[in-house]
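Shown next, in structure tokens, is the structure this report addresses.
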Amino acid sequence: MMWVFAVLIVLVIGGIAVVASGGGDPLAPVYDDRPDVVVPASGPLTAGDLHGIRFTTAFRGYRASEVDALLERLSAQLPD
């Protein structure tokens, strides 16, 4: 009975190794689903311009709460 469990464990580890090495089904293609950030290239920014901006987050990236606080402060200082 012990040999059956040993063989099952080896098969499971082998299956994990095959999938980890790329032998299984590939992942779905990556596509960019982030919304476009559109701001005027020249001229002053308005509060409406800043309210529409949302930054994407990444692993070990910036803190979104800090960016949102900065945008809120800038939108309060700029004329509409």
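If we count other beta carbons within 10 Å of each Cβ, what is the order of Leu11, Leu45, Leu71, fewest first?
By the 10 Å Cβ count, ascending: Leu11, Leu45, Leu71.
Kindly put Glu66, Glu72 in sequence by how many other C-beta atoms sit within 10 Å of each C-beta, fewest to most.
With the fewest neighbours first, Glu66, Glu72 line up as Glu66, Glu72.
Between Tyr62 and Leu74, how many nm apart are label points set 7 Å from Cα along the C-beta direction?
0.8 nm
Can you tell me the length gained on complete extension of the stretch Val4 to Ile16, counting 0.36 nm per residue apart and subtracting the Cα distance?
Roughly 2.5 nm would be gained on extension.
Taken together, the values in this text are just the output of simple stated rules run on the coordinates, not laboratory data. Predicted, not measured: the structure shown is a model, and the values here were computed from it. Using ideal geometry, Cβ is built from the backbone for each residue, glycine included, and neighbour counts are taken over all protein chains shown.
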